[in-house]
Amino acid sequence: MTRAVGKEPAVEIQGLKVTFGGKVRAVDGVDLTLGRGQAIALIGESGSGKSVTLRAIMRLNPERKTAIEGRILVAGRDVMAMGKRDLTALRGREVAMIFQEPLLALDPVYTVGRQIMEAIRQHEGIGAAEARARALQQFERVRIPSPERRLDAYPHEMSGGMRQRAMIALALACNPKVLLADEPTTALDATVQIQILLLLRDLQAELGLSTLFVTHDLGAAVEVADRIAVMYAGRIVEEGSARQVVLNPHHPYTIGLLRSRADGALAKGSRLQTIPGSPPDLANRQPGCPFAPRCFLAEERCRVGDPPVVEAGPGHRAACWKTDEAARSFQAQRAELADA
Amino acid sequence: MLSFILRRLLTVTPVALGVSIVCFSLVHLAEGDPLSSILPVDATQETIDAMRIAYGYDKPLPVQYALWLWKVLHGDLGTSIATGRPVLSEVGRAVVNSLILASVATLIGFTFGCLFGFVAGYFRDSVLDRAASAISVFGVSVPHYWLGMVLVIVFSAQLGWLPSTGAGPDGSGNWKPDLEHLRYIILPAITMSVIPMGVIARTVRALVGDILSQDFVGALRAKGLSEFGVFKHVVKNAAPTALAIMGLQLGYLLGGSILIETVFAWPGTGFLLNAAIFQRDLPLLQGAILVLAMFFVALNLIVDVVQTALDPRIERG
């Protein structure tokens, strides 16, 4: 097994389809390329397939119940073709993951230090003392106060923010190239969220990590990501740089997400806009654009076949028949708000 | 940890005292004078009274209890009415035999229970799971004295491989750890092990299923652990509960083995209790029940301490 040292992207996903139990198609044809050192945020509501996509990269979805189609390449190597040994060598060492709720993602009956040491020793075959020293370094890197003492703490003895820092320390313990973060701030207090986001951004720059970041929080996405990919019903409906997607969205769903945010752009006294309806039943997909039943621009052709992928700008694409109209509608409303 | 153990010891004291009161009064609930079974049918009232005074049955119950407790605390459980030997030595011998039988049975039950439980939990809803579950349901529900008799019929009477009764070839009633005595313990131990096996298998199956569905198992895989590495975590998470169940099962077996010990004439506490009840041997009965109850209290204490040592989430305060 040779480590590819080329210019291949950190992660390349082509035509990924994930089906659970033979019926529920959670991911329906995702193409995504994560360049080296890049940070991409996958955005979407619950059940849009973003976490499933993330887990598929390490093949963490339950093997027996999951059918995966398409190609997944990590540093040019085909993850789908990997055997058990290659897979365990990949996980934690090349690609590491941060989970949403660190209290649930850490083993409750092991100290946090032992869990980090375990990961290091699994991949590097070094002694316990050396592994402990490395774990301590990790704790210092994620800025955990009195790190020596915290190594011997159990997960339930730490605060939420501290636990997430420990989780990050664990993920980065073997110096992975790719970091997958599954809603790393969702379970935390608002003030702690920002600290963790800043920490992740700093670490990403410092270590040159390629990061794929799943969230349903647009603000968090803008904070850490270079690029944003918006997912709906298992497909990427819009992808572009963070600026392109947030300031010049071309897909009605992205626009809906942006409008439904309660932020400064919302005039006082006005109603918070929501997207009507609910996501489609993934076990019983209808033809056409999956967003059509909820879309404010939908027309007949949207319900018949898949929408085309339209280039909205350099490196900016949206899967919709009516990208221009959508973008115009968004800019018009923005101008209106700016005038008011 | 030491202060935790000391504190638990303190809380155990009133429990032990309560247990002693219950033990003492239980036997007085039964009808009939304990002396009537050893006195001749035509004994005069004077003889009866003299005996009552000699054994202290003439005093009020609380006084009898205080005197009894005082002696118990000094290691004197009285004298068996039937045999005239000290109750302590009778009970002690029986307890050792029962403890050996119960330990071997629990060990067998725990080993196979864990095996079936882990297999069933790991391969939920597979053929293996159904087979393991069927065995454990059988273990919990089969009447063990019946199973004991079936085993005796097959392995002693028909095949002649193993002895059917007693603890050893010399009939001394003392089990020793050698090959000859080992043959005597096999059938009763297997019969007895079927109960804890079933209970532990079902508990472990549920535990493993629950643990495997938790997020941290995915996180363990995500950091590159092999399936065996993950398995070690599952074991450590399941251990506190599984060991607690094992401890309690050992306690049940110590006291609840009257039927099995009687079927196999195993000279343990169950056999002794059986004899004491039929002979109305009050001091022996009291002593045996008290010792068994104290065993239970001690076992609970040990289980508590071990569980606390294994599971950091249990408060030590």
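Given the residues A:Val310, A:Val230, which is the only one that is buried (at least 18 other Cβ atoms within 10 Å of the Cβ) and either within 25 Å of A:Phe99 (Cα to Cα) or touching a Lys or Arg at 6+ places or on another chain (Cβ under 7 Å) (or both)?
A:Val230
Which residue out of A:Ile68, A:Ile57 is buried (at least 21 other Cβ atoms within 10 Å of the Cβ) and more than 8 Å from chain B (Cβ to nearest Cβ)?
A:Ile57
Hey, among the residues in the range B:76-103 that are of a type in the set (Gly, Ala, Ser) and modelled with pLDDT of 80 or more, which one's surrounded by the most Cβ atoms within 10 Å (Cβ to Cβ)?
Only one residue fits best here, namely B:Ala102.
Here are the criteria: (1) closer than 26 Å to B:Leu73 by Cα; (2) aliphatic (A, V, I, L, M); (3) within 14 Å of chain A (Cβ to nearest Cβ). Tell me which single one B:Leu282 does not satisfy.
With (1) closer than 26 Å to B:Leu73 by Cα; (2) aliphatic (A, V, I, L, M); (3) within 14 Å of chain A (Cβ to nearest Cβ) applied to B:Leu282, the lone miss is (3).
Taking A:Ala56 as the residue in question, decide whether it is aliphatic (A, V, I, L, M) and more than 20 Å from A:Gly29 (Cβ to Cβ).
no
For the range A:114-147, enumerate the residues that are in contact (Cβ under 8 Å) with a residue 40 or more places away in the chain and either farther than 22 Å from A:Arg201 by Cα or within 14 Å of chain B (Cβ to nearest Cβ) (or both).
Scanning the range A:114-147 gives A:Gln115, A:Ile116, A:Ala119, A:Ile120, A:His123, A:Glu124.
Please specify each residue of the range B:220-243 satisfying the condition of being more than 7 Å from every other protein chain (Cβ to nearest Cβ) and of a type in the set (D, E, K, R).
Across the range B:220-243, the qualifying residues are B:Glu227, B:Lys232.
I'd like to verify a number: residues in the range A:302-340 that are more than 27 Å from A:Leu32 (Cα to Cα) and outside any helix (DSSP H, G or I), how many?
Final tally of qualifying residues: 1.
Could you tell me whether any residue of the range B:208-219 is out of contact with any helix residue (DSSP H, G or I) (no Cβ under 7 Å at 6 or more places or on another chain), away from chain A (no Cβ under 13 Å) and either part of a helix (DSSP H, G or I) or over 20 Å from A:Tyr110 (Cβ atoms) (or both)?
Looking through the range B:208-219, none of the residues is out of contact with any helix residue (DSSP H, G or I) (no Cβ under 7 Å at 6 or more places or on another chain), away from chain A (no Cβ under 13 Å) and either part of a helix (DSSP H, G or I) or over 20 Å from A:Tyr110 (Cβ atoms) (or both).
Name the residues in the range A:75-87 that are within 13 Å of another protein chain (Cβ to nearest Cβ) and either within 17 Å of A:Arg36 (Cα to Cα) or touching a residue at least 12 places away in the same chain (Cβ under 8 Å) (or both), would you?
Of everything in the range A:75-87, those that are within 13 Å of another protein chain (Cβ to nearest Cβ) and either within 17 Å of A:Arg36 (Cα to Cα) or touching a residue at least 12 places away in the same chain (Cβ under 8 Å) (or both) turn out to be A:Met82, A:Asp86, A:Leu87.
Select from the range A:244-260 the residues that are under 14 Å from A:Glu311 (Cβ atoms) and over 20 Å from the mean Cα position of the chain (by Cα) and write down the one among them that is surrounded by the most Cβ atoms within 10 Å (Cβ to Cβ).
A:His250
For the subset of the range A:96-109 comprising residues that are out of contact with any His (no Cβ under 7 Å at 6 or more places or on another chain), facing chain B (nearest Cβ under 7 Å) and part of a loop (DSSP other than H, G, I, E, B), which member is farthest from A:Ala171 (Cα to Cα)?
A:Val109
When you go through B:Val63, B:Val12, B:Val27 one by one, which is the residue that is at pLDDT 80 or above and within 30 Å of the chain's Cα centre (by Cα)?
B:Val12
For B:Met246, which of the numbered conditions (1) part of a helix (DSSP H, G or I); (2) within 13 Å of chain A (Cβ to nearest Cβ); (3) of a type outside the set (Ser, Thr, Tyr) fails to hold?
It fails just one condition, (2).
Scan the range B:195-206 for residues that are surrounded by fewer than 23 Cβ atoms within 10 Å (Cβ to Cβ) and either of a type in the set (A, V, I, L, M) or modelled with pLDDT under 85 (or both) and report the count.
Going through the range B:195-206 one residue at a time, the tally reaches 2.
Read through the list (1) of a type outside the set (Val, Ile, Thr); (2) within 17 Å of the chain's Cα centre (by Cα); (3) buried (at least 19 other Cβ atoms within 10 Å of the Cβ), then give the number of the only condition that A:Arg165 fails.
Evaluating A:Arg165 over (1) of a type outside the set (Val, Ile, Thr); (2) within 17 Å of the chain's Cα centre (by Cα); (3) buried (at least 19 other Cβ atoms within 10 Å of the Cβ) leaves (2) as the failure.
Of all residues being out of contact with any Gly (no Cβ under 8 Å at 6 or more places or on another chain) and among the hydrophobic types (A, V, I, L, M, F, W, C) in the range B:258-283, which is farthest from B:Val152 (Cα to Cα)? Just the residue, please.
Looking at residues that are out of contact with any Gly (no Cβ under 8 Å at 6 or more places or on another chain) and among the hydrophobic types (A, V, I, L, M, F, W, C), I get B:Leu282.
The values are calculated or read from the model by the stated rules, or taken from the named source; none is laboratory data. Worth saying up front: this structure is predicted, and the values here are computed from it rather than measured. Here the Cβ is made from the backbone with ideal geometry for all residues, glycine too, and neighbour counts use every protein chain on show.
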